[in-house]
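Student: If you scroll down you'll find the structure; I have some questions about it.
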Amino acid sequence: MSKQAKAANGGDHFTRWLVIGMVALVVVTGVVFSITSSSTKAAESFTALEGFTKGEAVTATINPAAGSGLTLNPGAPVTIDLWEDPQCPVCRTFETSLGEYIETMVRSKKATVNYHVLSFLGPESVRAANAMMCAADEGHYLDFHKAIYTVQPELENSGFFSNENLVKIGDYVGLTSKTFTDCVTQGSKLDLVKAHEDSMPTYKVVGTPTVFINGKLWERTSNGFDLNEFRLAVEAG
Amino acid sequence: MVAFNQKYQRLFTLVARLVIGGVLLVAGGLKAFVPAEAASAVAAYKILPTQIAHILGYALPWFEIAIGLLLIIGVAVRLSAMASGAIMVVFIAAIISVWARGILIDCGCFGGGGAIDPSKAAEVHRTYAIEIARDLGLALLALYLYFFPYGLFSVEKIAITNEEM
């Protein structure tokens, strides 16, 4: 090997380490930036709940005939079955577009709604689902449900749906009783959460959000969730 | 074939560098400033534990940007080619893995990502095939750069030629 080639080789090693070092520096700086900007966002989301007023209490019953779903306003002419995961971003879109309409249908006693709270997106879905069912016991499923989607973090299982934060969401909604906070922190509804999850295959539910109107799968034709399309489907039964 | 390659190799190398570098730079750039999306896109593959997937999701776009820039300006081309070839192989493996497990996701390759409506299964499978083909093409280009790293318009000037490597 000539002297020149050796020098080139040595130079190559130096360049290699320099390059690896620079790349590592860029990546580390980027990661720090990304994590910081994500966590700031999560903390800000609580402000969206300021001034939240809860509606009138609506009794929720567990309906073994509908996959242990939480039934609100039984006996109405039309029945909507809603399958959601509290961490699913598309469920948030669904809630934004159609949540208010569904809530009105329940409160005006025009529709029976069976809520199926799924939790396949991970441990934080399980915790959030448990808290939602605790809120159902207090008669404020609708309110808590709305609040969950208002603060839903962009990132799944980022640590945001901790029991502590779920109690805090309850605070904003107006659920401050010891029964509620104990139910959240002790995971009192975990068996029911599992029952909801386990009923998926029975109803051939493979994703969220899934909607059945009078037992028939709602197949939307529009790209998003169109309120008029949904309303017509509900009115047609 | 060999003679043809010898004649135009420095040009081919430049083109390969620009193609891989450009794709990486765009892919990384689109994801780097929406970190939460990138992190959940990686988690959607359900290969790594969620926490680790998120960290990878934060890091990957920046890594792509760094490698892409090195290829475009022409510094440490062989090393960068090895890195980009390796991540292409990882991407291909990840897509095959979700396909085999029947998971329907948007790859999140250029931002976005996450689960997809089950009614779109056929469409998603076609997309998987296209993505695998694309990444395979890029991996082959990277392999070419591994053998012929020295081309036109490189910042890094190398005294020795490809034949001597």
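Every number in this text was worked out from the coordinates using simple rules, so none of it is lab data. Values in this document were obtained by computation on a predicted structure and should not be read as measured data. Here the Cβ is made from the backbone with ideal geometry for all residues, glycine too, and neighbour counts use every protein chain on show.
Student: In square nanometres, what is one fourth of the surface area of the convex hull spanned by the alpha carbons of the stretch B:8-150? The partial results should precede the final answer.
Tutor: Values: hull surface 32.7 nm².
Quarter of the Cα hull surface area: 8.2 nm².
Student: Sort A:190-200, B:105-115 by packing, meaning the average of other beta carbons within 10 Å per residue, with the highest value first. Walk me through the intermediate numbers first.
Tutor: Values: A:190-200: 16.8, B:105-115: 18.5.
Result, highest mean Cβ count within 10 Å first: B:105-115, A:190-200.
Student: Still on this structure: For chain A, which DSSP H helices look membrane-span-like by this rule: Cα extent along the axis of 18 Å or more and mean Kyte-Doolittle of at least -1.0?
Tutor: Details: long enough: A:3-44 (62 Å, 0.53); A:89-107 (25 Å, -0.09); A:123-137 (22 Å, 0.14).
In chain A, the long hydrophobic H runs are A:3-44, A:89-107, A:123-137.
Student: How long is the protein assembly as shown along each principal axis, judged by its Cα atoms, biggest number first, in Å?
Tutor: Principal extents (largest minus smallest coordinate, Cα): 90, 41, 32 Å.
Student: How many Cβ atoms of partner chains, on average, are near each residue of B:57-64 if near means within 10 Å of its Cβ?
Tutor: Working: counts 3, 9, 5, 3, 4, 10, 6, 1.
Shielding by partners across B:57-64 averages 5.
Student: To the nearest whole number, what is the average tally of beta carbon atoms from other chains within 10 Å of the beta carbons of peptide A:31-40? Let's see the in-between values first.
Tutor: Values: counts 10, 1, 5, 15, 5, 1, 5, 8, 1, 0.
For this peptide, the per-residue mean of nearby foreign Cβ atoms is 5.
Student: A further question follows. I want to verify the translational diffusion coefficient of chain A in µm²/s; compute it with Stokes-Einstein, Rh as the Kirkwood radius over Cα pairs, at 37 °C and 0.692 mPa s. Write out the running numbers ahead of the final one.
Tutor: Numbers: Rh = 19.9 Å.
Roughly 165 µm²/s, to the nearest whole number.
Student: Straight-line reach from residue A:54: which aspartates and glutamates fall under 15 Å, measuring Cα to Cα and dropping same-chain residues less than 8 apart?
Tutor: A:100, A:103, A:137, A:138, A:143, A:171
Student: Going highest first, how would you order B:13-23, B:124-134 by mean Cβ packing within 10 Å? Spell out each step's value before the answer.
Tutor: Working: B:13-23: 20.3, B:124-134: 14.5.
Going by the mean number of other Cβ atoms within 10 Å, highest first, we get B:13-23, B:124-134.
Student: Going 7 Å from the Cα of residue B:18 toward and past its Cβ, which residues in the stretch B:54-74 have a backbone nitrogen under 18 Å from where you end up?
Tutor: In the stretch B:54-74, the label zone of residue B:18 (backbone N under 18 Å from the point 7 Å along Cα→Cβ) covers B:68-74.
Student: Cut-off 15 Å, label point 7 angstrom out along Cα-to-Cβ of residue A:104: give me the residues of the stretch A:206-237 whose amide nitrogen falls inside.
Tutor: The answer is A:226-235, whose backbone nitrogens lie closer than 15 Å to the label point.
Student: Of all DSSP beta bridges located in chain A, what percent are antiparallel, nearest 5? Walk me through the numbers before you get to the answer.
Tutor: Values: 13 of 20 bridges.
So the antiparallel bridges in chain A amount to around 65 percent.
Student: At 222 nm, what value in deg cm²/dmol follows for chain B if DSSP H runs of at least 4 each add -39500 (n - 2.57) and the sum is divided by all its residues, to the nearest 500? Show your work: numbers first, answer last.
Tutor: On the way: 5 runs with 116 residues, N = 165.
Computed ellipticity for chain B at 222 nm equals -24500 deg cm²/dmol.
Student: With respect to the cross-link table entries A:194/B:120; A:168/B:31; A:204/B:120; B:46/B:120; A:41/A:146, which display a Cα-Cα separation exceeding 25 Å? Spell out each step's value before the answer.
Tutor: Values: A:194/B:120 28 Å; A:168/B:31 32 Å; A:204/B:120 16 Å; B:46/B:120 20 Å; A:41/A:146 19 Å.
In this structure, A:194/B:120; A:168/B:31 lie more than 25 Å apart at Cα.
Student: Mind checking which of B:127, B:116, B:154 is farthest towards the positive end of chain B's charge dipole, using Cβ charges of +1 (Lys, Arg) and -1 (Asp, Glu) about the Cα centre?
Tutor: After comparing all options, I get B:154.
Student: Hey, rough spin-label estimate for residue B:1 and residue A:190, points 7 angstrom out along Cα→Cβ, what's it come to in nanometres?
Tutor: 6.2 nm
Student: Kindly rank B:46-58, A:118-130, A:151-163, A:54-66 from highest to lowest mean number of other beta carbons found within 10 Å of each residue. Before the final figure, lay out the partial values.
Tutor: Working: B:46-58: 18.2, A:118-130: 22.3, A:151-163: 20.2, A:54-66: 14.5.
Highest mean packing first, the order is A:118-130, A:151-163, B:46-58, A:54-66.
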